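Take a look at the structure set out below.
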Amino acid sequence: MTVREMIKAHPQPGNLDRDALLRCIEDCFDCAATCTSCADACLGENDLPELVRCIRLCLDCADVCEATGRIVTRQTAADLGVIRAMIEACAAACRACGQECERHAAHHEHCRICAEVCRRCEQACDDLVAKIG
(Lines give C-alpha, C1' and ligand atoms only; values in the text may rest on other atoms or scores of the structure.)
Protein backbone atom coordinates (compact mmCIF):
# COMPACT_ATOMS: atom_id res chain seq x y z
CA MET A 1 0.00 0.00 0.00
CA THR A 2 1.12 3.52 -0.64
CA VAL A 3 0.47 6.55 1.52
CA ARG A 4 -1.90 7.86 -1.16
CA GLU A 5 -3.95 4.68 -0.99
CA MET A 6 -4.00 4.73 2.80
CA ILE A 7 -5.16 8.36 2.98
CA LYS A 8 -7.83 7.66 0.35
CA ALA A 9 -9.03 4.56 2.26
CA HIS A 10 -9.13 6.29 5.66
CA PRO A 11 -12.60 6.10 7.24
CA GLN A 12 -12.27 9.59 8.76
CA PRO A 13 -10.31 11.74 6.33
CA GLY A 14 -9.29 15.15 7.56
CA ASN A 15 -10.50 18.41 6.09
CA LEU A 16 -7.16 19.35 4.55
CA ASP A 17 -6.64 19.61 0.82
CA ARG A 18 -5.74 16.02 -0.09
CA ASP A 19 -3.24 16.89 -2.85
CA ALA A 20 -1.37 19.40 -0.66
CA LEU A 21 -1.42 16.93 2.24
CA LEU A 22 -0.04 14.07 0.15
CA ARG A 23 2.64 16.23 -1.43
CA CYS A 24 3.76 17.37 2.03
CA ILE A 25 3.86 13.81 3.37
CA GLU A 26 5.78 12.47 0.40
CA ASP A 27 8.20 15.41 0.29
CA CYS A 28 8.84 15.16 4.04
CA PHE A 29 9.81 11.49 3.82
CA ASP A 30 11.88 12.10 0.68
CA CYS A 31 13.67 15.01 2.36
CA ALA A 32 14.35 12.96 5.51
CA ALA A 33 16.06 10.23 3.47
CA THR A 34 17.93 12.73 1.29
CA CYS A 35 19.23 14.70 4.28
CA THR A 36 20.35 11.52 6.01
CA SER A 37 22.20 10.47 2.88
CA CYS A 38 23.77 13.91 2.45
CA ALA A 39 25.02 13.91 6.04
CA ASP A 40 26.55 10.50 5.47
CA ALA A 41 28.17 11.64 2.21
CA CYS A 42 29.57 14.71 3.98
CA LEU A 43 31.25 12.41 6.49
CA GLY A 44 33.18 10.84 3.63
CA GLU A 45 34.49 14.12 2.24
CA ASN A 46 38.08 15.33 2.66
CA ASP A 47 36.95 18.78 3.84
CA LEU A 48 34.98 17.35 6.77
CA PRO A 49 35.74 20.21 9.21
CA GLU A 50 34.06 22.66 6.82
CA LEU A 51 30.98 20.44 6.63
CA VAL A 52 30.22 20.06 10.35
CA ARG A 53 27.36 22.60 10.29
CA CYS A 54 26.00 21.03 7.11
CA ILE A 55 25.99 17.58 8.72
CA ARG A 56 24.26 18.90 11.83
CA LEU A 57 21.57 20.71 9.84
CA CYS A 58 21.04 17.70 7.57
CA LEU A 59 20.53 15.41 10.56
CA ASP A 60 18.23 17.91 12.29
CA CYS A 61 16.25 18.39 9.09
CA ALA A 62 15.96 14.63 8.57
CA ASP A 63 14.55 14.15 12.07
CA VAL A 64 12.07 17.03 11.75
CA CYS A 65 10.93 15.89 8.31
CA GLU A 66 10.45 12.31 9.47
CA ALA A 67 8.41 13.39 12.51
CA THR A 68 6.37 15.85 10.45
CA GLY A 69 5.61 13.27 7.79
CA ARG A 70 4.41 10.83 10.44
CA ILE A 71 2.26 13.39 12.27
CA VAL A 72 0.68 14.78 9.10
CA THR A 73 -0.11 11.24 7.93
CA ARG A 74 -2.36 10.70 10.95
CA GLN A 75 -5.91 11.72 10.09
CA THR A 76 -8.03 10.77 13.09
CA ALA A 77 -8.88 13.59 15.52
CA ALA A 78 -6.09 15.83 14.24
CA ASP A 79 -5.20 19.01 16.12
CA LEU A 80 -4.60 21.64 13.45
CA GLY A 81 -2.57 23.77 15.87
CA VAL A 82 -0.10 20.95 16.42
CA ILE A 83 -0.05 20.10 12.73
CA ARG A 84 0.55 23.73 11.75
CA ALA A 85 3.39 24.06 14.30
CA MET A 86 5.08 20.88 13.03
CA ILE A 87 4.76 21.90 9.40
CA GLU A 88 6.14 25.37 10.15
CA ALA A 89 9.05 23.83 12.07
CA CYS A 90 9.70 21.50 9.15
CA ALA A 91 9.73 24.40 6.68
CA ALA A 92 12.20 26.25 8.92
CA ALA A 93 14.49 23.20 9.18
CA CYS A 94 14.35 22.70 5.42
CA ARG A 95 15.13 26.36 4.82
CA ALA A 96 18.18 26.29 7.12
CA CYS A 97 19.46 23.00 5.74
CA GLY A 98 18.84 24.02 2.15
CA GLN A 99 20.73 27.28 2.62
CA GLU A 100 23.69 25.51 4.20
CA CYS A 101 23.79 22.78 1.56
CA GLU A 102 23.63 25.44 -1.14
CA ARG A 103 26.88 26.90 0.24
CA HIS A 104 28.61 23.59 -0.56
CA ALA A 105 26.74 22.75 -3.77
CA ALA A 106 29.51 23.89 -6.13
CA HIS A 107 31.94 21.37 -4.60
CA HIS A 108 29.63 18.56 -3.53
CA GLU A 109 26.90 17.19 -5.78
CA HIS A 110 25.16 15.55 -2.82
CA CYS A 111 24.76 18.98 -1.22
CA ARG A 112 23.29 20.40 -4.43
CA ILE A 113 20.75 17.59 -4.55
CA CYS A 114 19.95 17.97 -0.87
CA ALA A 115 19.44 21.74 -1.20
CA GLU A 116 16.99 21.14 -4.05
CA VAL A 117 15.02 18.53 -2.11
CA CYS A 118 14.95 20.77 0.97
CA ARG A 119 13.55 23.65 -1.09
CA ARG A 120 10.87 21.36 -2.52
CA CYS A 121 9.88 20.13 0.95
CA GLU A 122 9.86 23.67 2.33
CA GLN A 123 7.49 24.71 -0.47
CA ALA A 124 5.20 21.73 0.15
CA CYS A 125 5.08 22.63 3.85
CA ASP A 126 4.37 26.28 3.09
CA ASP A 127 1.61 25.27 0.68
CA LEU A 128 -0.06 23.02 3.27
CA VAL A 129 0.16 25.69 5.98
CA ALA A 130 -1.56 28.10 3.58
CA LYS A 131 -4.36 25.56 3.10
CA ILE A 132 -4.77 25.20 6.87
CA GLY A 133 -5.08 28.98 7.21
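The values are calculated or read from the model by the stated rules, or taken from the named source; none is laboratory data. Every value quoted in this text rests on a predicted model; they were computed, and no experiment measured them. Positions of Cβ are generated from backbone atoms using ideal geometry, with glycine treated the same way; all protein chains shown enter the neighbour counts. Quick note on the areas: whole protein, heavy atoms, side chains included, nothing else; ligands and nucleic acids left out. Shrake-Rupley method; radii C 1.70, N 1.55, O 1.52, S 1.80 Å.
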Item to check | Scan of the range 12-34 for residues that are among the aliphatic types (A, V, I, L, M), under 18 Å from residue 130 (Cβ atoms) and within 17 Å of the chain's Cα centre (by Cα), ordered by number | outcome: 20, 21, 22, 25
Checklist entry - Assuming residue 112 fulfils every condition listed in (1) surrounded by 18 or more Cβ atoms within 10 Å (Cβ to Cβ); (2) under 20 Å from residue 44 (Cβ atoms) apart from one, which condition is it? => result (1)
Checklist entry - Does any residue in the range 10-29 that is free of Cβ contacts under 8 Å to residues at least 40 places away in the same chain come within less than 6 Å, Cβ to Cβ, of a residue that is open to solvent by 10 Å² or more (accessible area, probe 1.4 Å) six or more places away or on a different chain, and which pairs are these? => result 22/4
Checklist entry - Cβ-Cβ below 8 Å, separation at least six or inter-chain, first residue in the range 38-59 and open to solvent by 10 Å² or more (accessible area, probe 1.4 Å), second among the charged types (D, E, K, R): which pairs? => result 53/100; 57/100
Checklist outcome for this item: Residue set 122, 102, 88; condition open to solvent by 50 Å² or more (accessible area, probe 1.4 Å), under 17 Å from residue 21 (Cα atoms) and touching a helix residue (DSSP H, G or I) at 6+ places or on another chain (Cβ under 7 Å); output residue 88
Item to check | Residues (in contact with a helix residue (DSSP H, G or I) (Cβ under 6 Å, 6 or more places away or on another chain) and not hydroxyl-bearing (Ser, Thr, Tyr)) located in the range 31-44 | outcome: 31, 32, 35, 38, 39, 41, 42
Item to check | Residue list for the range 6-37, restricted to those being under 18 Å from residue 124 (Cβ atoms), at pLDDT below 95 and open to solvent by less than 70 Å² (accessible area, probe 1.4 Å) | outcome: 7, 14, 16, 17
Item to check | Which numbered condition residue 33 fails, given (1) under 22 Å from residue 107 (Cα atoms); (2) in contact with a Cys (Cβ under 6 Å, 6 or more places away or on another chain) | outcome: (2)
